[in-house]
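Novice: Dropping the structure in here first, questions after.
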Amino acid sequence: MGKMNKSVLTGILALTIGLYGGSLSAQQKADTSKQRIQTLDFVAYDTPPSPVGGYDAIKQHVVYADSARKAGIEGTIFIQAYISKTGKALDLVIASDSLGYGLEQSAMNAIESVNWKPASHKEKFVGTWVTIPIQYRLK
């Protein structure tokens, strides 16, 4: 993908964030993020951030609550996360409708539990926003 396409994609994925305290529930964070949307400064990068161990590392930490399974809840949750230049997932925001049953919090916990290789621009690490889909599917 060319630099221009990455730049456009990054801009699209990282347009909004919500500011919230760490003691809020997943639903409160979603509600708060929708209320306090702001535009971010664009951060260019040559290489996007990625979880150490790939996205399978995140999947290994996702908890699919028994109550959600029994209720037949399926869907995809989109989480926006700021990946710092030190490789930490910070300021996670729910960027999709709620599935309930604690699945949003499980998705955020899984994203926070893995180490990240930060984005880089001109051979320097930079912090940037990414949108991460977490799928819940019954087999």
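The values are calculated or read from the model by the stated rules, or taken from the named source; none is laboratory data. Only a predicted model underlies this, so the values are computations on that prediction, with no experimental measurement involved. With ideal geometry, Cβ positions are generated from the backbone for all residues, glycine too; neighbour counts draw on all protein chains shown.
Novice: Would you be able to tell me the number of residues in segment 117-139 that are touching a residue at least 40 places away in the same chain (Cβ under 8 Å), in a strand (DSSP E or B) and more than 12 Å from the chain's Cα centre (by Cα)?
Specialist: 8
Novice: Residues in segment 114-123: is at least one closer than 19 Å to Y136 by Cα and at pLDDT below 90?
Specialist: Checked against the condition, which is being closer than 19 Å to Y136 by Cα and at pLDDT below 90, segment 114-123 yields no hits at all.
Novice: Still on this structure, I have one more. Mind listing just one residue for me: the one in segment 27-43 that is assigned to a loop (DSSP other than H, G, I, E, B) and β-branched (V, I, T) and, of those, modelled with the lowest pLDDT? Give the derivation first.
Specialist: Of segment 27-43, the ones assigned to a loop (DSSP other than H, G, I, E, B) are 36-37, 40-43.
Right, trim to β-branched (V, I, T) and you get 37, 43.
Details: I37: 39, V43: 74.
Here the residue is I37.
Novice: Quick check, is K59 modelled with pLDDT under 90 and not aliphatic (A, V, I, L, M)? I'd like the intermediate steps shown before the answer.
Specialist: On the way: modelled with pLDDT under 90: no; not aliphatic (A, V, I, L, M): yes.
The answer is no for K59.
Novice: Quickly run through segment 102-139 and pick out the residues that are on the phi > 0 side of the Ramachandran plot and surrounded by fewer than 16 Cβ atoms within 10 Å (Cβ to Cβ).
Specialist: Hits for segment 102-139 are K122, E123.
Novice: If T86 satisfies every condition in (1) exposed (fewer than 14 other Cβ atoms within 10 Å of the Cβ); (2) of a type in the set (S, T, Y); (3) touching a strand residue (DSSP E or B) at 6+ places or on another chain (Cβ under 6 Å) but one, which is the exception?
Specialist: Only one criterion in (1) exposed (fewer than 14 other Cβ atoms within 10 Å of the Cβ); (2) of a type in the set (S, T, Y); (3) touching a strand residue (DSSP E or B) at 6+ places or on another chain (Cβ under 6 Å) is unmet by T86, namely (3).
Novice: Here is a follow-up. In segment 44-82, which residues are aliphatic (A, V, I, L, M), part of a helix (DSSP H, G or I) and over 19 Å from W116 (Cα atoms)? Before you say what the answer is, go through the steps one by one.
Specialist: At the first step, the residues of segment 44-82 found to be aliphatic (A, V, I, L, M) are 44, 52, 57-58, 62-63, 65, 68, 71, 73, 77, 79, 81.
With part of a helix (DSSP H, G or I) added as a condition, the list becomes 57-58, 68.
Of everything in segment 44-82, just one residue is aliphatic (A, V, I, L, M), part of a helix (DSSP H, G or I) and over 19 Å from W116 (Cα atoms), namely A68.
Novice: Checking K85 against (1) part of a strand (DSSP E or B); (2) in contact (Cβ under 8 Å) with a residue 40 or more places away in the chain; (3) closer than 25 Å to Y45 by Cα; (4) not aromatic (F, W, Y), which test does it fail?
Specialist: Tallying (1) part of a strand (DSSP E or B); (2) in contact (Cβ under 8 Å) with a residue 40 or more places away in the chain; (3) closer than 25 Å to Y45 by Cα; (4) not aromatic (F, W, Y), K85 fails exactly one: (1).
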